Amino acid sequence: MKKSILALTFVLALTMFAAASSDGSSEYVKCKGCHGSDGSKAPLGVDSAIIKGQSKAEIANKLKGYKDDTYGGAKKSIMKSQSKRLSDDDIAALADYISKF
């Protein structure tokens, strides 16, 4: 009985972790300060791109590029540090969420 409870607890914990790690809306909370609640704010002024209206593929490619240092201009260090913590699943979920603005 104890083994069954332990196994069930483990499975539930994994399920909860997987759901939490792939929720774009919870990831976007960290983005709102610069990009605005709906992605319509230019984060660093007039020379920064607005993410609202970008496709899922565009957003995912840019986030991956920031993460692996193959994308971005002179001010990319901020996004590089933010994207470093994101897994591929997080990037996919975040891109999906943002693309629906």
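Below, the figures for the structure above:
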| quantity | calculated |
| --- | --- |
| Per-region count, segment 22-56, residues without any contact (Cβ under 8 Å) to a residue 12 or more places away in the chain, of a type in the set (S, T, N, Q) and part of a helix (DSSP H, G or I) | 1 |
| Filter result for Ala18 (of a type outside the set (S, T, N, Q), loosely packed, with under 12 Cβ neighbours inside 10 Å and at pLDDT below 95) | yes |
| Which numbered condition Leu63 misses (of (1) in a helix (DSSP H, G or I); (2) at pLDDT below 95) | (2) |
| Count of segment 56-101 residues which are of a type in the set (Val, Ile, Thr) and under 16 Å from Gly24 (Cβ atoms) | 3 |
| Residues satisfying the stated conditions in segment 31-68, i.e. surrounded by fewer than 12 Cβ atoms within 10 Å (Cβ to Cβ) and either farther than 22 Å from Lys100 by Cα or in contact with a helix residue (DSSP H, G or I) (Cβ under 6 Å, 6 or more places away or on another chain) (or both) | Gly45, Val46, Asp47, Asp68 |
| Some residue of segment 66-85 being among the charged types (D, E, K, R), within 12 Å of the chain's Cα centre (by Cα) and under 22 Å from Ser37 (Cβ atoms) | yes |
| Members of segment 70-82 found to be surrounded by 12 or more Cβ atoms within 10 Å (Cβ to Cβ), touching a helix residue (DSSP H, G or I) at 6+ places or on another chain (Cβ under 9 Å) and not aliphatic (A, V, I, L, M), listed by number | Tyr71, Gly72, Lys76, Lys80, Gln82 |
| Scope segment 73-100; condition outside any helix (DSSP H, G or I), at pLDDT below 95 and either among the aliphatic types (A, V, I, L, M) or touching a Lys or Arg at 6+ places or on another chain (Cβ under 7 Å) (or both); matching residues | Ala74 |
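The values are calculated or read from the model by the stated rules, or taken from the named source; none is laboratory data. Keep in mind that this is a model prediction, so the values were computed, not measured. Reconstructed Cβ throughout: ideal geometry from the backbone, glycine too, with neighbour counts over all protein chains shown.
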